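Enquirer: For reference, the structure I am asking about is given below.
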Amino acid sequence: MVKRKDDCPMNPQEVLKQMTLEEKAAFCSGRDFWRTKAVERLQVPSVMMCDGPHGLRKQEGEGDHLGINKSIETVCYPSAAALASSFDRQVMTELGEALGQECQAENVAMLLGPGLNIKRSPLCGRNFEYFSEDPCLAGEMAAAYVQALQSKGIAACAKHFACNDQETLRMSGSSNLDERTLREIYLSAFETVVKKGKTRSLMCAYNAVNGTFCAENKLLLSDILRDDWGSDAFVVTDWGAVKDRAKGIAAGLDLEMPGGPNATGEEIVQAVQAGTLAEADLDKAVLRILTFVRDSMEQRQPDAEIDRTECRKLARRLAGECAVLMKNEGILPLKENQSVAFIGEFAEKPRYQGAGSSHINVPHAVGALEIAGDSVLYARAYDAHSETTDPALLTEAVEAAKKCDVAVIFAGLPEAFETEGADREHMRLPDNQNELITAVTAANPHTVVVLHGGSPMELPWLSQAPAVLCVYLGGEQVGAATVDLLYGHVNPSGHLAETWPIRVQDNPSYLNFPGEEGVVTYAEGIYVGYRYYDKKEMPVNFCFGHGLSYTHFDYSNLQVDKESLTDQETLTVTVDVTNTGACPGKAAVQLYVRDRESTARRPVRELRDFAKVDLQPGECKTVTFTLDKRAFAYWETKCHDFYVESGEFVIEIGESSRDIRASRAVQVEGTTLLSFTVTETTTIGQLLKHPKGKAIIGGMMGSSAMAHVDQSDSMGEGSERMMQGMMMGIPLGALVSYGRLTPEQLKGLIASLNE
Ligand code: BGC
């Protein structure tokens with residue numbers, strides 16, 4: 001790291017003043033794959049960034065963004081899909097701190113991540129790098145990680161901003177969606193990582209949103225990120241995402257990566273000289289990059305060290321926090337005196353991370369077999385690079401299963417099935433693994449299936465398998481953590497951050513994934529993941545938030561500090577959680593909010609907060625949540641803001657979106673009045689929902705103006721409901737046709753309602 005001679009950090013404003021137009025333009029592109037440019041004349045150093053986020057991919061030799069060339073040997077932690085299942089901010093804090101320390105020791109100023117795109121479809125090839133189908137969980141987990149990483153003086157880079165939810169045509173396609181869906185589902189997690197996590201940087205996505213590439217999308221980069229969310233984070237492109245340099249700068253983009261010797265900034269200079277780009281916009285970009293470089297210099301710890309042995313212990317512990325016990329008909333945990341067969345190549349060589357730019361170079365990944373050693377019988381059972389059953393391997397596996405009290409099958413998605421750059425073609429396991437599980441469960445009913453992979457799978461044999469443990473892509477120590485969990489040395493406490501549908505066809509995006517001719521329409525709108533499945537009451541294999549434990553938790557004494565409140569106040573919610581079982585365990589307490597009645601379309605319930613609680617047998621702890629306006633709001637396009645419609649809401653505490661254990665109603669009054677223009681087509685029903693309309697039109701109800709429908713006597717049973725329905729549907733203009741108002745009276749009425 002180049003340091004100023006007087007060892008004082010530079011002053012970005014002063015440096016900016018001294019830079020020439022050419023220097024400023026060139027400074028907005030990287031020096032090479034991983035570094036910003038230095039401005040030696042002004043003692044501005046070059047700083048390094050590296051891929052993360054579940055390890056450090058520092059390339060000292062030739063750089064690439066596809067995970068092809070070698071990076072330093074280091075520790076691979078669980079991937080985001082696994083981490084999210086911990087439902088534990090503390091897990092993210094520990095990971096962020098460890099990686100921050102490692103970046104300091106390796107002189108890396110920024111770690112590229114976390115990735116917080118929403119899991120719209122289980123088929124997205126990069127789902128393993130993303131957290132959840134739910135923006136609250138994704139945003140909160142990401143914010144905890146960012147705060148921890150940045151507490152060590154290392155910048156985070158939240159990516160890929162935004163709507164980069166598939167790999168098909170990831171560099172050129174357009175994700176098209178409506179305003180409410182964008183704000184409520186796809187931007188919310190980014191909003192949290194910006195406002196709460198205070199991320200120092202964001203990476204703009206390759207794709208376009210509603211036809212405008214993210215790298216030149218003023219709505220995203222300036223109007224929302226800076227003006228609306230108040231962020232001073234600098235925006236770096238995804239590697240090679242730039243289309244029109246000058247347009248990008250004008251839209252709010254700062255740094256182009258990877259840049260390189262050809263990225264001279266000539267285009268930018270020409271645009272400024274031609275008057276098509278304001279130099280002030282360029283200055284803003286330069287200042288933001290300079291500020292990042294200055295902050296990195298200020299926070300640099302040249303003496304920092306990293307103890308990778310300790311990191312490996314952490315990786316094992318974190319993997320144990322992330323695994324989800326999906327099913328357990330009493331056969332787990334295994335007992336030390338049972339004879340056990342480990343079946344499947346993943347017991348020996350586990351799947352532990354995904355392919356692409358997040359690929360971490362580890363000296364060794366630990367398989368469960370290595371830990372269990374001679375205490376188990378092993379059968380390889382399948383070739384992880386093949387989808388076809390090898391009869392000899394299958395027979396050997398069935399024989400091993402028959403010989404033992406319990407069989408544990410290590411199954412999951414092979415590496416080729418999910419990767420950056422390509423979406424999955426289906427949601428199935430390879431045929432040879434399905435055949436194996438069917439044969440082994442038939443041979444030995446005491447069979448546990450351990451699943452590896454970054455995204456849901458179809459489980460056709462589910463009813464035959466008495467226990468299923470999903471370890472996702474749990475990092476290099478996944479095998480050790482699996483043994484810890486199987487034998488009960490660690491009590492499983494992960495919960496699903498995504499629904500596991502029965503078939504991929506059930507997924508709400510199915511008819512619109514991955515789109516056509518480069519355009520994908522998010523036609524399902526806000527109904528992503530459980531918001532859809534729960535609204536449709538659709539059977540799923542495992543619902544959002546589901547996860548079992550070797551103990552049980554009881555939820556009681558749910559309290560709210562107010563029975564009614566306005567959307568300007570906060571609500572404090574407390575609930576007691578008790579471990580009613582015989583072993584220590586961790587509960588993932590999930591708080592959902594349900595809007596009882598709404599004129600807008602709303603999901604059944606939405607996750608608004610969560611907490612992980614560690615409890616000894618018999619122990620009880622009180623968990624406290626604080627909810628604000630956003631917990632009750634939806635994005636209202638009439639006011640282009642989050643909006644609360646007055647009414648009753650239910651606070652629900654659950655162990656999953658379909659296992660609500662306690663609930664409590666509160667009355668929330670929205671304080672925003674929506675603008676309301678009355679016309680001849682406005683109905684009586686619409687008017688009655690608006691305070692002013694209600695005051696005026698309410699008085700007219702039952703008067704002679706409404707008398708034309710007063711024929712209830714002759715209409716038989718149900719007439720009252722029908723009358724009500726018909727009345728509510730009458731447009732004001734029709735009152736003239738019915739001869740109940742003159743055209744002049746109607747005009748006057750509309751004018752006074754619009755006053
Ligand atoms: C990926 C990014 C990554 C970058 C640098 C891109 O292809 O989309 O997530 O950070 O490469 O490797």
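The values are calculated or read from the model by the stated rules, or taken from the named source; none is laboratory data. All figures in this text were calculated on a predicted structure; none of them were measured in a lab. Here the Cβ positions follow ideal geometry from the backbone for every residue, glycine too, while neighbour counts run over all protein chains shown. The accessibility values were calculated without ligands, DNA or RNA, using every heavy atom of the protein model including side chains. Shrake-Rupley method; radii C 1.70, N 1.55, O 1.52, S 1.80 Å.
Enquirer: With a cap of 16 neighbouring Cβ atoms within 10 Å, and only residues DSSP puts in a loop, list the GluC sites (Glu not before Pro) found in the stretch 228-305.
Expert: Working: sites: Glu256, Glu266, Glu267, Glu279, Glu298, Glu305; in loops: Glu305.
Within the stretch 228-305, the qualifying GluC sites (Glu not before Pro) (loop, at most 16 other Cβ atoms within 10 Å) are Glu305.
Enquirer: Which log10 I(q)/I(0) values does the chain give at q = 0.07 Å⁻¹ under the Debye formula, counting every alpha carbon as one identical point scatterer?
Expert: -0.56
Enquirer: Keeping every protein chain present and rolling a 1.4 Å probe, give me the accessible area per residue for the chain in Å². Don't skip to the end; give the middle numbers.
Expert: Working: 28720 Å² over 755 residues.
With the other protein chains kept in place, the chain gives 38 Å² per residue.
Enquirer: Full extension from Lys694 to Ser339: what is 0.36 nm times the residue separation minus their Cα-Cα distance, to one decimal in nm? Intermediate results must be reported in sequence, preceding the final value.
Expert: Values: separation 355, 0.36 × 355 = 127.80 nm, distance 7.40 nm.
This chain segment gains 120.4 nm when fully extended.
Enquirer: Restrict the search to the stretch 467-542; then list the GluC sites (Glu not before Pro) that DSSP places in a loop and that have at most 11 other Cβ atoms within 10 Å of their Cβ. If you can, show how the numbers build up before the last one.
Expert: Numbers: sites: Glu476, Glu498, Glu516, Glu517, Glu524, Glu537; in loops: Glu476, Glu498, Glu517, Glu524, Glu537.
Hits after loop and neighbour filter: Glu517, Glu537.
Enquirer: If a paramagnetic tag sat 7 Å from the Cα of Ser375 along the Cα-Cβ line, which residues of the stretch 386-420 would have the backbone N under 16 Å from that point?
Expert: The answer is 405-408.
Enquirer: Taking 0.36 nm per intervening residue step and subtracting the Cα-Cα distance, what contour gain separates Asp64 from Gln464 on full extension? Before the final figure, lay out each step's value.
Expert: Numbers: separation 400, 0.36 × 400 = 144.00 nm, distance 4.50 nm.
Full extension from Asp64 to Gln464 adds 139.5 nm.
Enquirer: Ordering Val490, Val589 from largest to smallest accessible area (1.4 angstrom probe), what's the sequence? Can you show the working numbers first?
Expert: On the way: Val490 45, Val589 0 Å².
Output order, biggest surface exposure first: Val490, Val589.
Enquirer: To the nearest 20 debye, what is the magnitude of the charge dipole of the stretch 309-535 about its Cα centre, counting +1 on the Cβ of each Lys and Arg and -1 on the Cβ of each Asp and Glu? Don't skip to the end; give the middle numbers.
Expert: Details: 16 positive and 30 negative charges, 142 e Å.
That gives a dipole near 680 debye.
Enquirer: Ok, one more. What FRET efficiency would be calculated for the residue pair Met726, Asp223, taking the C-beta separation as r and a Förster radius of 45 Å, to the nearest 0.05?
Expert: On the way: r = 44 Å, r/R0 = 0.98.
After rounding, the FRET efficiency stands at 0.55.
Enquirer: Test of understanding: express the Cα radius of gyration of the stretch 419-473 as a ratio to 2.2 N^0.38 Å, with N the residue count. It would help to have the intermediate numbers written out before the result.
Expert: Details: Rg = 12.2 Å, N = 55, 2.2 N^0.38 = 10.1 Å.
In units of the 2.2 N^0.38 Å rule of thumb, it is 1.21.
Enquirer: Pairs to check: Lys562/Lys621; Lys196/Lys629; Lys562/Lys586; Lys536/Lys689; Lys335/Lys403. Give those whose C-alpha atoms are more than 19 Å from each other in this structure. Mind showing how you got there, number by number?
Expert: Details: Lys562/Lys621 21 Å; Lys196/Lys629 16 Å; Lys562/Lys586 29 Å; Lys536/Lys689 27 Å; Lys335/Lys403 16 Å.
Where the Cα-Cα span goes over 19 Å, the pairs concerned are Lys562/Lys621; Lys562/Lys586; Lys536/Lys689.
Enquirer: Mind listing which trypsin sites (Lys or Arg not before Pro) in the stretch 333-400 are in a DSSP loop and have 15 or fewer other Cβ atoms within 10 Å? If you can, show how the numbers build up before the last one.
Expert: Numbers: sites: Lys335, Arg351, Arg380; in loops: Lys335, Arg351, Arg380.
Passing both the DSSP loop test and the Cβ count: Lys335.
Enquirer: Roll a 1.4 angstrom probe over the protein heavy atoms and tell me the percent of accessible area of the chain that is carbon or sulfur. Display every interim value, and only then the final one.
Expert: Details: 13870 of 28720 Å².
Looking at the chain in its full context, I get 48 percent from C and S.
Enquirer: Can you pull the accessible area of Arg664 for me, 1.4 Å probe, Å² to the nearest 10?
Expert: 70 Å²
Enquirer: With N denoting the number of residues in the stretch 445-484, provide Rg(C-alpha) divided by 2.2 N^0.38 Å, to two decimal places. Please report the intermediate quantities before stating the final value.
Expert: Values: Rg = 11.1 Å, N = 40, 2.2 N^0.38 = 8.9 Å.
For the stretch 445-484, the normalised Cα radius of gyration comes out at 1.24.
Enquirer: So who's got an amide H within less than 5 Å of the one on Phe213, skipping anything under 5 residues away but keeping other chains? H placed 1.01 Å off N, in plane.
Expert: Hits under the 5 Å cutoff: none.
Enquirer: Name the residue from Gln353, Ala323, Tyr533 whose Cα lies farthest towards the positive end of the charge dipole of the stretch 309-535, charges +1 on Cβ of Lys and Arg and -1 on Cβ of Asp and Glu.
Expert: In the stretch 309-535, that residue is Ala323.
Enquirer: Follow-up question, since we're still on this one. Taking one equal scatterer on every alpha-carbon of the stretch 241-333, how large is log10 of I(q)/I(0) by Debye at q = 0.14, 0.26 1/Å?
Expert: -0.72, -1.30
Enquirer: Dipole of the chain, Cα-centred, from +1 at each Lys and Arg C-beta and -1 at each Asp and Glu C-beta, to the nearest 20 debye? Walk me through the numbers on the way to the answer.
Expert: Values: 74 positive and 105 negative charges, 184 e Å.
Around 880 debye, computed over the chain.
Enquirer: Using the Cα centre of the chain as origin and beta-carbon charges of +1 (Lys, Arg) and -1 (Asp, Glu), tell me which of Ala381, Gly729, Leu137 is placed farthest towards the positive end of the dipole.
Expert: Gly729
Enquirer: Counting only DSSP beta bridges with both residues in the stretch 1-156, what percent are antiparallel, rounded to the nearest 5? Each step should come with its number before you reach the end.
Expert: Details: 3 of 8 bridges.
Percentage antiparallel, nearest 5: 40.
Enquirer: Ok, one more. Rank these by accessible area, largest first, 1.4 Å probe: Lys37, Lys70. Please list the in-between numbers first.
Expert: Details: Lys37 35, Lys70 150 Å².
Listed by decreasing accessible area, they come as Lys70, Lys37.
Enquirer: I would also like to ask the following. Under a Cβ-Cβ cut-off of 11 Å, what is the net charge of the residues other than Gln13 that fall near it, where Lys and Arg count +1 and Asp and Glu count -1?
Expert: Details: positive: Lys17, Arg294; negative: Glu14, Asp283.
Taking every Cβ under 11 Å from that of Gln13, the sum is 0.
Enquirer: Take the eigenvalues of the Cα gyration tensor for the stretch 309-535, scale each by 5, and report the square roots as semi-axes in whole Å, largest first.
Expert: Details: eigenvalues 174, 82, 63 Å².
Working through the eigenvalues yields semi-axes of 30, 20, 18 Å.
Enquirer: Follow-up question, since we're still on this one. What are the radius of gyration and Dmax of the stretch 553-669, computed over its Cα atoms and given in Å?
Expert: According to the Cα coordinates of the stretch 553-669, Rg and Dmax are 15.3, 54 Å.
Enquirer: Kindly provide the helix-only [θ] at 222 nm of the chain, computed as the sum of -39,500 (n - 2.57) over DSSP H runs of four or more divided by all residues, to the nearest 500 deg cm²/dmol?
Expert: Details: 20 runs with 202 residues, N = 755.
That calculation yields -8000 deg cm²/dmol at 222 nm.
Enquirer: Give me the percent of DSSP beta bridges within the chain that run antiparallel, rounded to the nearest 5.
Expert: On the way: 56 of 102 bridges.
Roughly 55 percent of the DSSP beta bridges within the chain come out antiparallel.
Enquirer: Percentage of Cα-Cα pair distances in the stretch 626-683 greater than 18 Å, rounded to whole percent?
Expert: Numbers: 852 of 1653 pairs.
Of the Cα pairs, 52 percent sit more than 18 Å apart.
Enquirer: Using 0.36 nm times the number of residues separating Glu755 and Lys313, minus their current alpha carbon distance, what extension gain do you get?
Expert: 152.3 nm
Enquirer: Can you tell me the order of 593-603, 538-548 when each peptide is scored by its average per-residue count of other Cβ atoms within 10 angstrom, highest first? Walk me through the intermediate numbers first.
Expert: Numbers: 593-603: 15.4, 538-548: 20.7.
Going by the mean number of other Cβ atoms within 10 Å, highest first, we get 538-548, 593-603.
Enquirer: Another question, then. Using a 7 Å offset from the Cα along the Cα-to-Cβ direction at both Thr276 and Val736, what is the distance between the two label points in nm, to one decimal?
Expert: 5.1 nm
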